[in-house]
Amino acid sequence: MNKKILVAPSLLSADFLTLKDEIRKIEDSGADMIHLDVMDGHFVPNITIGPLIVEAARRCTKMVLDVHLMIEDPHKFIKAFVEAGSDIITIHAEAYDGSRLPPASPGFPRDSQGSRQNNLTKGVSKKIDKLDEEKIKETLKQIKHFGKKTGISLNPDSPLCVDGILKDTDMILLMSVHPGFGGQGFIEGVLPKIKALRKIYSGDVEVDGGINDKNARLVIDAGANILVAGSYFFGAEDKKEAVRKLRII
Ligand code: DX5
Ligand code: ZN
């Protein structure tokens, strides 16, 4: 598959005090879109930004805003993120786990006593058991209704359980770290999942977490065509060169 390789720097590693300048750096680097990580402290053990910052970013750039919702009940917030100026809205499959015990566990597995495991750790994220296809389709429709592109994301330990709804989404985002924090190490175990997905899906395949110039080739060879990079991009002296290196195949 010969798709153009797109690079999406993640604003999570930017200096929010000078957000406008950081966005200029992304524009000047030749990157293709801006990745914005929205976390609610429930789906993931961290809280980041909401529609307010997406809207501020929208006011200072015409670049594609690729909004990654790591939140519970994403359907409640689609309109707000559309109005803020998002172009692509990605929701997590794990937020639509049809086998979840009531009351809904906020993103983390339960231990044998049924209570939630400590979620203030890195290296853990929810794994989906059974995708509620009807519910997730409703949210995807909602996003499409506003004329925006859709993405479905899967955590590193979740199986490729989206085969029944591939035709309903423009993009699949495979996490290559447990979501919640920038600057973590790339999980190589996700490579077979990228390969398996590319065999059955011709849409956009985005990979997010720990991407740098050392592993970009592995990810692209496996079939991904959109690379998110946070700490690698903002840590690079020469950002044009950093983006160029990610695209090399
Ligand atoms: C992690 C976020 C990522 C993160 C990537 O939960 O979804 O987008 O910002 O940052 P790096 O590239 O530093 O892993
Ligand atoms: Zn992300």
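Within segment 3-24, the only residue that satisfies the criterion of being open to solvent by 20 Å² or more (accessible area, probe 1.4 Å), farther than 16 Å from Ile53 by Cβ and within 15 Å of ligand 1 (Cβ to nearest atom) is Leu6. Evaluating His178 against the criteria (1) over 21 Å from Val243 (Cα atoms); (2) open to solvent by less than 20 Å² (accessible area, probe 1.4 Å); (3) within 12 Å of ligand 1 (Cβ to nearest atom) leaves one unmet condition, (2).
Residues are listed down the side, and each one gets a yes or a no for (1) part of a helix (DSSP H, G or I); (2) not β-branched (Val, Ile, Thr):
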{"residue": "Leu173", "(1), (2)": "no, yes"}
{"residue": "Gln184", "(1), (2)": "no, yes"}
{"residue": "Arg198", "(1), (2)": "yes, yes"}
{"residue": "Val205", "(1), (2)": "no, no"}
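Gly107 - would you say it is open to solvent by less than 10 Å² (accessible area, probe 1.4 Å) and at pLDDT below 95? In short, yes.
Considering only residues that are among the charged types (D, E, K, R) and touching a residue at least 24 places away in the same chain (Cβ under 8 Å), which ones fall in segment 60-77? Of everything in segment 60-77, those that are among the charged types (D, E, K, R) and touching a residue at least 24 places away in the same chain (Cβ under 8 Å) turn out to be Asp66, Glu72.
Quick one: which of Val219, Val207 is more than 8 Å from ligand 1 (Cβ to nearest atom), under 14 Å from the mean Cα position of the chain (by Cα) and either free of Cβ contacts under 8 Å to residues at least 24 places away in the same chain or surrounded by 15 or more Cβ atoms within 10 Å (Cβ to Cβ) (or both)? So the residue among Val219, Val207 that is more than 8 Å from ligand 1 (Cβ to nearest atom), under 14 Å from the mean Cα position of the chain (by Cα) and either free of Cβ contacts under 8 Å to residues at least 24 places away in the same chain or surrounded by 15 or more Cβ atoms within 10 Å (Cβ to Cβ) (or both) is Val207. Among the residues in segment 157-168, are any more than 20 Å from Val38 (Cβ to Cβ) and within 16 Å of ligand 1 (Cβ to nearest atom)? Yes, the conditions are met somewhere in segment 157-168. Taking each residue of segment 39-53 that is among the charged types (D, E, K, R) and at pLDDT 95 or above and looking for partners that are within 13 Å of ligand 1 (Cβ to nearest atom) and in a strand (DSSP E or B) with beta-carbon atoms closer than 8 Å, six or more apart or interchain, yields Asp40/Ile47; Asp40/Met70.
Looking only at residues of segment 48-75 that are open to solvent by 50 Å² or more (accessible area, probe 1.4 Å) and of a type in the set (A, V, I, L, M), we find that the one that is nearest to ligand 2 (Cβ to nearest atom) is Val64. A residue that is in a loop (DSSP other than H, G, I, E, B), aliphatic (A, V, I, L, M) and either within 12 Å of ligand 1 (Cβ to nearest atom) or open to solvent by 10 Å² or more (accessible area, probe 1.4 Å) (or both) can be found somewhere in segment 223-242. Residue count for segment 181-204, restricted to those that are open to solvent by 40 Å² or more (accessible area, probe 1.4 Å), closer than 24 Å to Gln142 by Cα and within 16 Å of ligand 2 (Cβ to nearest atom): 0.
The values are calculated or read from the model by the stated rules, or taken from the named source; none is laboratory data. Quick caveat: nothing in here was measured; it's all calculated off a predicted structure. Here Cβ is always computed from backbone atoms with ideal geometry, including for glycine, and neighbour counts include all displayed protein chains. All accessible areas refer to the heavy atoms of the entire protein, side chains included, with ligands and DNA or RNA removed. Shrake-Rupley method; radii C 1.70, N 1.55, O 1.52, S 1.80 Å.
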